[in-house]
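The values are calculated or read from the model by the stated rules, or taken from the named source; none is laboratory data. Because the structure is predicted, anything quoted here is derived from the model rather than measured. Glycine gets a Cβ as well: all are built from the backbone with ideal geometry, and neighbour counts include every protein chain shown. Just the protein is used for accessible areas: all its heavy atoms, side chains included, with ligands, DNA and RNA removed. Shrake-Rupley method; radii C 1.70, N 1.55, O 1.52, S 1.80 Å.
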Amino acid sequence: MLSPLQQLDLRHIWHPCSQMKDYETLPPIVIERGAGSCLYDTDGKEYIDIISSWWCNLLGHCHPRISAAIHDQLDQLEHVIFANFSHRPAIVLAARLAEILPRGLTKFNFSDNGSAAVEAALKMSFQYQAQTGNARKTRFMCLTGAYHGETIGALSVGAVDLYTQIYRPLLLDAIRLDAPDCFRCPFGKTRDACACECASAAEASFAKFGETTAALIVEPLLQGSAGMRIYPAAYLRRLRDLCDRYGVLLIADEIATGFGRTGKMFACDHAEISPDIMCLSKGLSGGYLPFAITATTERVFAAFYADYREGRAFMHSHTYSGNPLGCRAALAVLDVLASEPIFATAAANAEFLTGELNAALLDHPNVGEIRHLGLIHAVELVADKKTKTALPAARRTGYQIYREALRRGLLLRPLGDVLYFNPPLNTPRETLARAVALCREAVESEF
Ligand SMILES: *Cc1c(COP(=O)(O)O)cnc(C)c1O
């Protein structure tokens with residue numbers, strides 16, 4: 001029986017990334033409150049939010065320090081135009097970020113969601129090339145399996161067909177480099193023992209298209225939407241080298257990986273590289289408010305800095321640029337990360353979670369691999385463990401497991417047939433253990 005709220009929801013709301021017909025048999029779950037790593041629906045049923053509500057909730061729901069900071073800001077200044085005007089939270093945040101970001105990223109363009117941060121990065125890099133005597137550098141490169149958001153520009157550098165295929169005629173013609181596939185390595189290597197043989201494909205693409213490419217955009221180390229694919233830091237270093245060699249800007253999309261998700265502050269830190277442009281959102285505001293930043297270097301910034309009549313300015317804006325509430329949420333996140341042992345706890349919990357998942361699922365005949373980077377863990381389901389053959393897509397195994405897990409109080413939202421855990425960094429161990437047990441039950445109900 002649908003509650004009146006559910007009926008009203010279905011009458012009017014078009015939910016994101018959903019076939020709405022599925023809601024006939026799985027109606028929307030109406031959440032009333034959140035606390036820590038858990039959500040509670042209108043019947044009081046608890047759900048463990050093991051995916052941080054689409055990867056954005058970094059430190060749990062209704063964290064007292066983040067909530068208090070937003071409350072405080074709300075009574076002072078909720079918003080102000082950000083052209084010519086500024087405010088303390090944005091200024092302090094920019095200075096704090098400059099200290100923790102990879103070296104050289106010191107200039108910040110503010111927006112309000114990840115896709116917007118990516119759009120700004122694409123326009124910025126294109127214009128940078130045009131204004132530094134490289135007018136022929138007009139194209140973008142991305143990796144196969146890439147995901148950078150849903151707006152037309154961001155989709156153009158995305159390569160997950162599920163999201164891009166229908167819009168193909170509208171999209172820019174980006175160059176797709178064959179991304180590493182460490183689970184099904186075409187060179188027959190294993191994750192920990194390879195020489196990035198697959199980088200030869202990227203080298204060939206740069207040789208062919210490097211001279212006409214403005215920027216390469218990548219999700220460093222972790223291709224999230226592709227199914228939490230993890231690739232080695234050495235590969236990212238190779239891409240950095242190629243970009244340097246061909247005068248291509250490197251855009252690191254750290255929207256999903258930033259702020260400790262991968263075990264370091266940024267995924268780029270594992271490779272000890274600095275990109276020319278970095279996109280931040282999601283964990284940036286702890287997932288509390290729509291907020292994003294496109295960070296870049298003095299060198300890129302300088303190509304736009306000139307007398308007004310030269311027409312070199314970055315004429316790009318969003319109404320909610322630099323929103324003070326978002327800035328305060330972000331500052332509160334940085335305060336928590338700086339003053340509480342979040343990273344140490346997350347590292348210990350990552351090890352614990354690896355052990356629990358391996359014990360619960362590694363021997364299952366339909367588990368092809370369990371991989372992890374920081375606290376992010378992925379379980380790739382297959383039809384055949386030996387051959388790594390995928391399950392038939394029409395079976396919608398991941399979706400069925402999703403439903404089973406929900407019934408048991410676990411919010412697990414698989415990417416195809418890849419189940420993953422990407423919980424708030426401070427999730428208690430007992431909660432992780434309970435989530436693994438529920439996940440196992442849901443998997444076993446399907447095979
Ligand atoms: C979520 C995400 C985006 C898009 O962010 P939105 O706020 O949903 O527009 C872009 N890139 C990556 C890597 C993401 O995970």
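What residue, of LEU122, LEU170, LEU155, is out of contact with any Phe, Trp or Tyr (no Cβ under 7 Å at 6 or more places or on another chain) and not basic (Lys, Arg)? Step through it out loud before you land on a result.
On the way: LEU122 fails: out of contact with any Phe, Trp or Tyr (no Cβ under 7 Å at 6 or more places or on another chain); LEU155 fails: out of contact with any Phe, Trp or Tyr (no Cβ under 7 Å at 6 or more places or on another chain).
That would be LEU170, the only listed residue that is out of contact with any Phe, Trp or Tyr (no Cβ under 7 Å at 6 or more places or on another chain) and not basic (Lys, Arg).
A quick yes/no check of all residues on (1) within 29 Å of THR151 (Cα to Cα); (2) open to solvent by 60 Å² or more (accessible area, probe 1.4 Å); (3) of a type in the set (A, V, I, L, M):
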{"site": "PRO28", "(1), (2), (3)": "yes, no, no"}
{"site": "GLU46", "(1), (2), (3)": "no, yes, no"}
{"site": "ILE70", "(1), (2), (3)": "yes, no, yes"}
{"site": "LEU77", "(1), (2), (3)": "no, no, yes"}
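Given THR144, THR138, THR132, which one is under 22 Å from ASP178 (Cα atoms), more than 16 Å from the ligand (Cβ to nearest atom) and open to solvent by 20 Å² or more (accessible area, probe 1.4 Å)?
Working: THR144 fails: more than 16 Å from the ligand (Cβ to nearest atom); THR132 fails: under 22 Å from ASP178 (Cα atoms).
Being under 22 Å from ASP178 (Cα atoms), more than 16 Å from the ligand (Cβ to nearest atom) and open to solvent by 20 Å² or more (accessible area, probe 1.4 Å) holds for just one of THR144, THR138, THR132, which is THR138.
How many of the residues in segment 377-404 are within 15 Å of HIS364 (Cβ to Cβ), surrounded by fewer than 16 Cβ atoms within 10 Å (Cβ to Cβ) and in contact with an Asp or Glu (Cβ under 9 Å, 6 or more places away or on another chain)?
Number of matching residues: 1.
Among the residues of segment 303-355, write down those that are touching a residue at least 60 places away in the same chain (Cβ under 8 Å), in a helix (DSSP H, G or I) and of a type in the set (Phe, Trp, Tyr).
Correct list: PHE343, PHE352.
Based on what the data block shows, is THR138 among the hydroxyl-bearing types (Ser, Thr, Tyr), assigned by TED's automatic domain parsing to the domain that holds LEU331 and without any contact (Cβ under 8 Å) to a residue 60 or more places away in the chain?
The answer is no for THR138.
Against the conditions (1) closer than 20 Å to ALA267 by Cα; (2) assigned by TED's automatic domain parsing to the domain that holds GLY374; (3) open to solvent by less than 20 Å² (accessible area, probe 1.4 Å), where does LEU105 fall short? Just the number, please.
(2)
Go through (1) within 16 Å of the ligand (Cβ to nearest atom); (2) touching a residue at least 40 places away in the same chain (Cβ under 8 Å) one by one and return the number of the condition SER115 breaks.
Of everything listed in (1) within 16 Å of the ligand (Cβ to nearest atom); (2) touching a residue at least 40 places away in the same chain (Cβ under 8 Å), SER115 misses just condition (2).
Hey, does segment 272-279 have a residue that's open to solvent by 40 Å² or more (accessible area, probe 1.4 Å) and within 16 Å of the ligand (Cβ to nearest atom)?
Applying the first criterion (open to solvent by 40 Å² or more (accessible area, probe 1.4 Å)) to segment 272-279 yields 272.
When the remaining residues are screened for being within 16 Å of the ligand (Cβ to nearest atom), the result is none.
No; the residues of segment 272-279 include none that is open to solvent by 40 Å² or more (accessible area, probe 1.4 Å) and within 16 Å of the ligand (Cβ to nearest atom).
Select from segment 163-174 the residues that are within 16 Å of the ligand (Cβ to nearest atom), without any contact (Cβ under 8 Å) to a residue 60 or more places away in the chain and either closer than 15 Å to ILE255 by Cβ or in a helix (DSSP H, G or I) (or both) and list them in ascending order.
Correct list: THR164, TYR167.
Go through (1) small (Gly, Ala, Ser); (2) assigned to a helix (DSSP H, G or I); (3) open to solvent by 10 Å² or more (accessible area, probe 1.4 Å) and name the single condition GLY283 misses.
Of the numbered conditions (1) small (Gly, Ala, Ser); (2) assigned to a helix (DSSP H, G or I); (3) open to solvent by 10 Å² or more (accessible area, probe 1.4 Å), the odd one out for GLY283 is (3).
Can you confirm whether segment 220-228 contains a residue that is open to solvent by 10 Å² or more (accessible area, probe 1.4 Å), assigned by TED's automatic domain parsing to the domain that holds GLY283, away from the ligand (no atom under 16 Å from the Cβ) and part of a loop (DSSP other than H, G, I, E, B)? It would help to see each step written out before you state the result.
Applying the first criterion (open to solvent by 10 Å² or more (accessible area, probe 1.4 Å)) to segment 220-228 yields 225-226.
Imposing the further condition that a residue be assigned by TED's automatic domain parsing to the domain that holds GLY283 reduces the set to 225-226.
Checking which are away from the ligand (no atom under 16 Å from the Cβ) leaves us with none.
Checked against the condition, which is being open to solvent by 10 Å² or more (accessible area, probe 1.4 Å), assigned by TED's automatic domain parsing to the domain that holds GLY283, away from the ligand (no atom under 16 Å from the Cβ) and part of a loop (DSSP other than H, G, I, E, B), segment 220-228 yields no hits at all.
It is to be established whether one or more residues within segment 36-53 are more than 27 Å from the chain's Cα centre (by Cα), without any contact (Cβ under 8 Å) to a residue 24 or more places away in the chain, away from the ligand (no atom under 16 Å from the Cβ) and outside any helix (DSSP H, G or I).
Taking segment 36-53 as the starting set, the residues that turn out to be more than 27 Å from the chain's Cα centre (by Cα) are 42-45.
If we keep only those that are without any contact (Cβ under 8 Å) to a residue 24 or more places away in the chain as well, we get 43-44.
Filter once more, so that each one left must be away from the ligand (no atom under 16 Å from the Cβ): 43-44.
Add one more test, that the residue is outside any helix (DSSP H, G or I), and what stays is 43-44.
Within segment 36-53, one or more residues are more than 27 Å from the chain's Cα centre (by Cα), without any contact (Cβ under 8 Å) to a residue 24 or more places away in the chain, away from the ligand (no atom under 16 Å from the Cβ) and outside any helix (DSSP H, G or I).
Going by the structure shown, is THR427 assigned to a loop (DSSP other than H, G, I, E, B), assigned by TED's automatic domain parsing to the domain that holds ILE51 and open to solvent by less than 30 Å² (accessible area, probe 1.4 Å)? Write out each step before concluding.
Working: assigned to a loop (DSSP other than H, G, I, E, B): yes; assigned by TED's automatic domain parsing to the domain that holds ILE51: yes; open to solvent by less than 30 Å² (accessible area, probe 1.4 Å): yes.
Considered against the rule, which asks whether it is assigned to a loop (DSSP other than H, G, I, E, B), assigned by TED's automatic domain parsing to the domain that holds ILE51 and open to solvent by less than 30 Å² (accessible area, probe 1.4 Å), THR427 comes out as yes.
Could you run through segment 229-263 and say how many residues are more than 20 Å from the chain's Cα centre (by Cα) and either in a loop (DSSP other than H, G, I, E, B) or outside the structural domain of LEU289 (by TED's automatic domain parsing) (or both)?
Result for segment 229-263: 2.
Go through segment 400-447 and give me each residue that's free of Cβ contacts under 8 Å to residues at least 60 places away in the same chain and aromatic (Phe, Trp, Tyr).
Matches in segment 400-447: TYR402 only.
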